[in-house]
Amino acid sequence: MRNIPIADVDDLDRAVLAIGTDYPRDHLLVWHEHRRAQVLYAATGVMKVETADGSWTIPTARAVLIPPMIRHQVTMTGVSTRSLYIEPAAVPWFPTHCQAVDVSALLRALILEAVEMEPRYPEHSRDAAVAALLLHELGNLTPLPLDVPLPSDPGLRRLCEAFLQKPDIHDPPARWCTALSVSERTLARLFRRDTGLSFSTWRQRACVLHSLQHLAGGMPVTRIAAMLGYDNPAAYTAAFKKLLGRPPTAYRGCGIR
């Protein structure tokens, strides 16, 4: 199925429904939720998925798991998606918060094949076997550190949200402490308690993930490094590889993989 709303087929008696959707560049899919669990796969481009808990930046050929009834919005940069909508009872292991995941070659092939299936596939057919194998493969996903968690403390959250609009790798913790009227020790404790990350790790991750959309748009690494405040492109590349395991050039472009 392609370019149809899930609402049109949500009531079908099938555990797995697959829909491919092509979006205009820089499209915003406003806040919404689904009854089914969703596996949202980026066939092209970069997606930024936001919930009340944080944001997940998903580059080409990766996916994000979105639990049932979780309100979210998605910013699309040159994106064509392939979504699996799954009855919650079929995936009791599904996470309760969004989770970015790697996608194996087999799972990618199954997702692409599922989009070509008839929505009301016969129960004992080849298509039903594809759906069953999909459910099996989804149980063996590898999580990826593509999220930027947001704290519950209101003041700290406002500072985090402002930072995400214009990240700077050298933004000093002292500035945050002054804004919150707290010590650096208290700031560190708040970050660790509310995000599970240290301030420096959160800042680094936010900068690297922010850069993904610019890489997808073809911006040179030198310009991205300068925009984020890195001392040189090598420092940015090293931080990128430390988080994602590959250099920035591996994430350039938006072609289907």
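The values are calculated or read from the model by the stated rules, or taken from the named source; none is laboratory data. Remember, predicted model here, so these are calculated numbers, not experimental data. Neighbour counts are summed over all protein chains in view; Cβ atoms, including those assigned to glycine, are modelled from backbone coordinates with ideal geometry.
Which residues, taken from the stretch 133-167, are hydroxyl-bearing (Ser, Thr, Tyr) and under 18 Å from the mean Cα position of the chain (by Cα)?
Thr142
Can you tell me which of Glu33, Glu50 is under 14 Å from the mean Cα position of the chain (by Cα), at pLDDT 95 or above and not aliphatic (A, V, I, L, M)?
Glu50
So, in the stretch 1-18, of the ones that are closer than 14 Å to Glu87 by Cα and acidic (Asp, Glu), which residue ends up surrounded by the most Cβ atoms within 10 Å (Cβ to Cβ)?
Asp10
Which of the residues spanning the stretch 33-55 are more than 23 Å from Leu197 (Cβ to Cβ) and assigned to a strand (DSSP E or B)?
Once the filter is applied, which keeps residues that are more than 23 Å from Leu197 (Cβ to Cβ) and assigned to a strand (DSSP E or B), the stretch 33-55 yields Ala37, Gln38, Val39, Leu40, Tyr41, Ala42, Ala43, Thr44, Gly45.
Being of a type in the set (A, V, I, L, M, F, W, C) and within 18 Å of Leu146 (Cβ to Cβ) is the filter here, so list the residues in the stretch 74-110 that pass it.
Correct list: Val74, Met76, Val79, Phe94, Cys98, Ala100, Val101, Val103, Leu107.
Does the stretch 5-15 contain at least one residue that is more than 15 Å from Cys98 (Cα to Cα), aliphatic (A, V, I, L, M) and assigned to a strand (DSSP E or B)?
No - not one qualifying residue is present in the stretch 5-15.
Being surrounded by 14 or more Cβ atoms within 10 Å (Cβ to Cβ) and not polar (S, T, N, Q): is that true of Pro151 here?
yes
To keep it simple, each residue is scored yes or no on (1) closer than 20 Å to Thr60 by Cβ; (2) small (Gly, Ala, Ser).
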position	(1), (2)
Arg192	no, no
Ser200	no, yes
Gln204	no, no
Val208	yes, no
Asn232	no, no
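Of the residues Ala225, Ala179, Ala188, only one is exposed (fewer than 15 other Cβ atoms within 10 Å of the Cβ) and not assigned by TED's automatic domain parsing to the domain that holds Pro95; which?
That would be Ala179, the only listed residue that is exposed (fewer than 15 other Cβ atoms within 10 Å of the Cβ) and not assigned by TED's automatic domain parsing to the domain that holds Pro95.
Could you list all residues from the stretch 155-184 that are outside any helix (DSSP H, G or I) and out of contact with any Lys or Arg (no Cβ under 7 Å at 6 or more places or on another chain)?
Lys166, Pro167, Asp168, His170, Pro172, Ser181, Val182, Ser183
Among the candidates Thr21, Thr57, Thr44, Thr77, which residue alone is closer than 25 Å to Ala132 by Cα, buried (at least 17 other Cβ atoms within 10 Å of the Cβ) and either touching a residue at least 60 places away in the same chain (Cβ under 8 Å) or touching a Gly at 6+ places or on another chain (Cβ under 6 Å) (or both)?
Only one candidate qualifies: Thr21.
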